[in-house]
1. As a test of understanding, state the convex hull volume per residue of region 54-154 from its alpha carbons, in Å³.
2. Give me Leu147, Leu102 sorted ascending by neighbouring Cβ count inside 10 Å, so fewest comes first.
3. Using +1 at the Cβ of each Lys and Arg and -1 at the Cβ of each Asp and Glu in region 54-154, identify which of Ser153, Ile114, Ala71 lies farthest towards the dipole's positive end.
4. Which whole-number percent gives the relative contact order of region 54-154, counting Cα pairs below 8 Å spaced six or more residues apart?
5. Ratio of region 108-160's C-alpha Rg to 2.2 N^0.38 Å, to two decimals?
Amino acid sequence: MYVASARPYDERVTTPPPAYGPPPEPYAQQPAPVAPSPYGYAVAPPPGKRPIRTWDLVVTIVLLVLAGVLAAIMSFFGFFLAMAGDSCGARDCNSDMIAVGLMVAVALPWLLLIIVAVVAIVMLVKRRIAFWVPLIGGVLIIGSWFLGAAIASAGVPGAL
């Protein structure tokens with residue numbers, strides 16, 4: 001049985017083995033671990049920058065979609081204000097006022113929806129809470145039908 005002799009240095013290697021430096025610094029001088037962020041992130045957002053709130057983003061998008069459905073419903077109901085002039089054969093009605101009321105009830109919900117969507121998107125980009133914007137917009141969209149109905153009713157004498 002042949003046993004190779006253990007040589008500390010092989011002559012085929014052209015460079016000497018590396019010299020080892022001092023041991024690493026003790027663990028106490030390394031930076032302390034970062035505490036978990038209260039927002040659920042592993043790393044807190046940079047100073048001056050608000051965190052993204054996922055729940056607000058999801059709720060705002062769902063409410064904007066519902067505001068779009070509400071605008072379509074209110075606009076559809078606005079077309080029924082054309083019937084406000086049905087009794088105008090026996091009365092002297094202001095058909096221009098009825099037409100303005102009809103157009104307010106049909107078009108204003110869509111205009112309000114666009115404004116609400118733009119404001120909500122800007123607030124989401126600025127990372128501010130925005131779910132309340134479509135809620136207020138929904139109230140305004142419903143109120144736009146009542147405004148149109150009031151204008152159309154003002155064109156029919158004795159309707160108010």
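All of the numbers you see were taken from the coordinates with simple rules; none came from a lab. A quick note: this is a predicted structure, and the numbers were derived from the prediction, not measured. Cβ placement follows ideal geometry from the backbone for every residue including glycine, while neighbour counts extend to all protein chains displayed.
1. Working: hull volume 6.5 nm³, N = 101.
Dividing the Cα hull volume of region 54-154 by its residues yields 65 Å³.
2. Working: Leu147 14, Leu102 23.
Least to most surrounded, the residues fall as Leu147, Leu102.
3. My answer, from the dipole projection, is Ile114.
4. Details: 129 pairs, mean separation 43.5, N = 101.
So the answer I get is 43 percent.
5. Values: Rg = 15.2 Å, N = 53, 2.2 N^0.38 = 9.9 Å.
Working it through for region 108-160, the quotient is 1.53.
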